[in-house]
Amino acid sequence: MPFRVLVTDDVDRDGVALLEAEPQLSVDEVPTLPKEELLERIGDYDAIVGRSATKISAELLRRAKRLRVVGRAGVGVDNVAMDVATELGIAVINAPAGNTIAVAELVFGVLISLIRHLPRAVESMRAGRWDRSSLLGTELLGKTIGIVGLGRIGSEVAARAHAFGMQVHAFDPYVADARFTTLRVHRAATLDALLDEADIVTVHTPLTDETTGLIGRRELARLRPGGIVANLARGGIVDDGALAAALESGHVKGAALDVYVAEPLAADSALRKLPNVILTPHIGASTAEAQRNVAVDACAAVRDALLSNELGRS
Ligand code: MLT
C-alpha cells in the first residue's frame, strides 16, 4: 500500500510534483481545511505538508494514528505542537532557507513605504490630488538599524542595510563574534544597548517563550523618540498593545507589521486604525521564488523521510 500524503495550504506545484512522481506515495492536495474536517481526515495519512495556515495542534496529532511526518513549507514551526510531535515520535521537517530573501527584501519595501509615505502618496493620486508638500519623507542613509536576531533573515537584512548606507547593529546572544565581524555588524551587548542606539528596530527571531513580548512597553520606551519598529517575523514578539500606545503617544514614529498574534487579523482590530503604520497580511514569504523553494525543500524532505524506512510504520 502506498504512503498517503495530505498537502494543504496551497503548497507550490513544483514541490507537490516531487511527491506525485513517486509511485510509493499517494497524494491528496486540498485547500486549507476547516479544523473539524482536517480532524476527520487526518487519520488516513502518513504525512501532511502545509504552510502556516494549518494548525498542527496536539488534538490533531493525537488523532493522526498513522502520521509519521509533518512537512512545513516555511521556516516557523510555531503552528506545530512540537512537544506532542516529539512525544508521539512524529518527525517535523521545515524548510528554513527558501524564503530568506523574500522576507529580507520586504523589510526594506515596508520601511521605505513608511518613511516616504507611499500608501498616502498613492491614495492621494487616486483621489485626484497633488499633495507634494505634505509628503516630505526621510532617508535610510546614515540611520542606525537595530536587528534583533542575526540568523539567516537578520543577516540578509544586514547586507541590504549596508547597501543603503546604514549603520548596522544587531543583538543576538546565540551568534558568535566572528559572524558579526564577517557581516560587518556592530554587536550590541544587550537588547537595551541595541534599543539605545537604533533609529529603526527590526525583529528576526522565532517565536518562543523567550521572545514573546520581547519588545514590550519598557523596551519601546527605551527606544529614542521618533524610532521605527518592524515585525515581519512572528506576531507577539512585539507587544501590539504596547506598540499601539507608543505610536499614539508619538514616541514611536512609525511601524511596519506583517505578522499578528491572531491571523487573519480581525477586521475590526485596533491595529488597522493606527496612524503611521504599514500593515501587510503575512506576505513576507509570498514570492513565487520563495514559495517554490520552500515547497521543493519540504516536499523532498518528506518524500525522503517516508521512503527511507527510518520512520517505521505501524
Ligand atoms: C514562514 O514561517 O516560513 C513564513 O512566515 C511564511 C509562512 O508562515 O507561511
- Query: Which lysines, on any chain, are close to K35 with Cα under 20 Å apart, when same-chain ones fewer than 8 places away are left out?
  - Reply: K55, K65
- Message: I need the chymotrypsin sites (Phe, Trp or Tyr not before Pro) found in segment 173-281, filtered to DSSP loop residues with at most 10 other beta carbons within 10 Å of theirs.
- Response: Y174
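Sorting check: for 144-153, 200-209, which peptide has the highest mean count of neighbouring beta carbons within 10 Å, and how do the rest follow? Please list the in-between numbers first.
Details: 144-153: 23.8, 200-209: 20.5.
Packing proxy ranking, top to bottom: 144-153, 200-209.
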- Rg and Dmax of segment 100-279, using alpha carbons, in Å: what are they? 16.0, 53
- Answer in debye to the nearest 20: the dipole magnitude of the chain about its Cα centre, from +1 Lys/Arg and -1 Asp/Glu charges placed on Cβ, is 660 debye
- Query: Which residue, chosen from S134, V168, V69, occupies the Cα position most advanced towards the positive end of the dipole of the chain, where the dipole is computed from +1 (Lys, Arg) and -1 (Asp, Glu) charges on Cβ about the Cα centre?
  - Reply: S134
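Sum -39500 (n - 2.57) across every DSSP H segment of at least 4 residues in the chain, then divide by the residue count to get the 222 nm mean residue ellipticity, nearest 500.
Computed ellipticity for the chain at 222 nm equals -10500 deg cm²/dmol.
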- Taking Cα atoms only, helix 100-115 is inclined relative to the longest principal axis of the chain by an angle, in degrees rounded to 10, of 30 degrees
- Message: Sort 242-248, 5-11, 134-140, 186-192 by packing, meaning the average of other beta carbons within 10 Å per residue, with the highest value first.
- Response: 5-11, 242-248, 186-192, 134-140
- Message: Can you sort S249, S133 from fewest to most other Cβ atoms within 10 Å of each residue's own Cβ?
- Response: S133, S249
- Rounded to whole Hz and in sequence order, give me ³J(HN,Hα) for segment 271-282 from the Karplus expression 6.51 cos²θ - 1.76 cosθ + 1.60, θ = phi - 60°, writing x for Gly and Pro. 4, 5, 9, 5, x, 6, 10, 9, 10, 10, x, 6
- What's log10 of I(q)/I(0) for the chain at q = 0.09, 0.11, 0.12, 0.13 Å⁻¹, Debye sum over Cα points only, no solvent? -0.52, -0.74, -0.86, -0.97
- Item | Cβ-based charge dipole, segment 100-279, positive-most Cα from A198, I115, A230 | I115
- Item | For segment 120-127, Karplus couplings with θ = phi - 60° (6.51, -1.76, 1.60), whole Hz, Gly/Pro x | 5, 5, 5, 4, 5, 5, 4, 7
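Where a number appears in this text, it was derived from the coordinates with a stated rule and is not lab data. Quantities reported herein were computed from a predicted structural model and do not represent experimental measurements. We place every Cβ from the backbone using ideal geometry, glycine too, and count neighbours over all the protein chains shown.
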